[in-house]
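All remarks here apply to the structure that follows.
No lab work stands behind these numbers, since they all come straight from the coordinates. Remember, predicted model here, so these are calculated numbers, not experimental data. Positions of Cβ are backbone-derived with ideal geometry, glycine not excepted, and every protein chain shown enters the neighbour counts.
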Amino acid sequence: MKRAFYIGRFQPFHNGHLTVIDRITKEADELIIGIGSAQLSHDLENPFTAGERVLMITRALVGLSRPFYVIPIEDIKRNALWVAHIISMTPPFDIVYTSNPLVIRLFSEAGIPVCSPDMFKRESHSGTSIRERMRTGEPWESLVPPCVVDVINEIDGIDRIRDLDRSDGDLSTLFSSGADHV
Ligand code: NAD
């Protein structure tokens, strides 16, 4: 039995993440997906809550050929203790899949094997560029699984990102259709 751990912020979960999971299913018997920075939401770099990211990932992986567990994990202030924090929150695992240099460093120092899969179309398939497309109104839907589009529509995610991008002076437009505000 080989159980793999894959950690990300998944802001949002996109097709690059899916290619990594496809690879893990060929190499491991079970998969743990850690939703990192679980405490963060409603800012431009982290627009979606942990629960919304659970929904995106769980729906995207319906029918996966391997058992999987999706576990939100809050950040801690001390990197040196982070691997122990992860281990305390997850089922036991044998290998970590990540290409994040800090994550590679922390797990390697803890003696846990790390695999770094190739990037899939990194130019377009990064959370940063997808969030920027959402903010500016460029097409982003083809970069994520269709069920992630559904989740983002259900939670009114694009309007959330655009509202987060407004400054105080824009509030008159934000509330222009509503009642008077004092
Ligand atoms: P991410 O969502 O950007 O990426 C998740 C994984 O997918 C990464 O391994 C990344 O390399 C990979 N990936 C991204 N785009 C890809 C593509 N196009 N093709 C193939 N793979 C792709 O998340 P992240 O920033 O790596 O998440 C790390 C998490 O760990 C963060 O939440 C961070 O806060 C957390 N962390 C916390 C601490 C702490 O609390 N002290 C320490 C280290 C890391």
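Among 70, 96, which comes first, second and so on when ranked by fewest other beta-carbon atoms within 10 Å?
On the way: 70 18, 96 24.
With the sparsest Cβ surroundings first, the list reads 70, 96.
Using a 10 Å cut-off around each Cβ, can you sort 17, 85, 42, 125 from fewest to most neighbouring Cβ atoms?
Values: 17 23, 85 15, 42 12, 125 18.
Fewest to most other Cβ atoms nearby, the residues stand as 42, 85, 125, 17.
Please compute, for the alpha-carbon atoms of the chain, the extent along each of the three principal axes and give them in descending order in Å.
Cα spread of the chain along its principal axes, largest to smallest: 61, 35, 27 Å.
To the nearest 20 Debye, how big is the dipole of the stretch 1-168 about its Cα centre, given +1 on the beta carbon of each Lys and Arg and -1 on that of each Asp and Glu?
Details: 19 positive and 23 negative charges, 93 e Å.
Roughly 440 debye, rounded to the nearest 20.
Round to a whole angstrom and tell me the spacing of the C-alpha centers of the stretch 133-164 and the stretch 1-75.
18
Please arrange 58, 136 by counting, for each residue, the other beta carbons lying within 10 Å of its beta carbon, fewest first.
Values: 58 16, 136 11.
Going from sparsest to densest Cβ surroundings: 136, 58.
Looking at the chain as a GNM with Cα springs under 10 Å, which of 104, 155, 21 has the largest mean-square fluctuation?
Among 104, 155, 21, the largest GNM mean-square fluctuation belongs to 155.
Pick out, in residue order, every one of the GluC sites (Glu not before Pro) in the stretch 1-102 that is DSSP loop and has at most 15 other C-beta atoms within 10 Å; say none if there are none. Mind dumping the intermediate values first?
On the way: sites: 27, 30, 45, 52, 74; in loops: 45, 74.
Here the sparse-neighbourhood loop sites are 45, 74.
Quote to one decimal, in nm, the extra length available between residue 104 and residue 118 on full extension: 0.36 nm per residue of separation minus the C-alpha distance between them. Don't jump to the answer; show the numbers that get you there.
Values: separation 14, 0.36 × 14 = 5.04 nm, distance 1.41 nm.
Full extension of this stretch gives 3.6 nm more.
Taking +1 at the Cβ of each Lys and Arg and -1 at the Cβ of each Asp and Glu, which of 54, 90, 137 sits farthest along the dipole of the chain towards its positive end, judged by Cα position relative to the Cα centre?
The one lying farthest along the dipole's positive direction is 90.
GNM, the chain, Cα, under 10 Å: largest mean-square fluctuation among 131, 160, 23?
The residue that fluctuates most here is 23.
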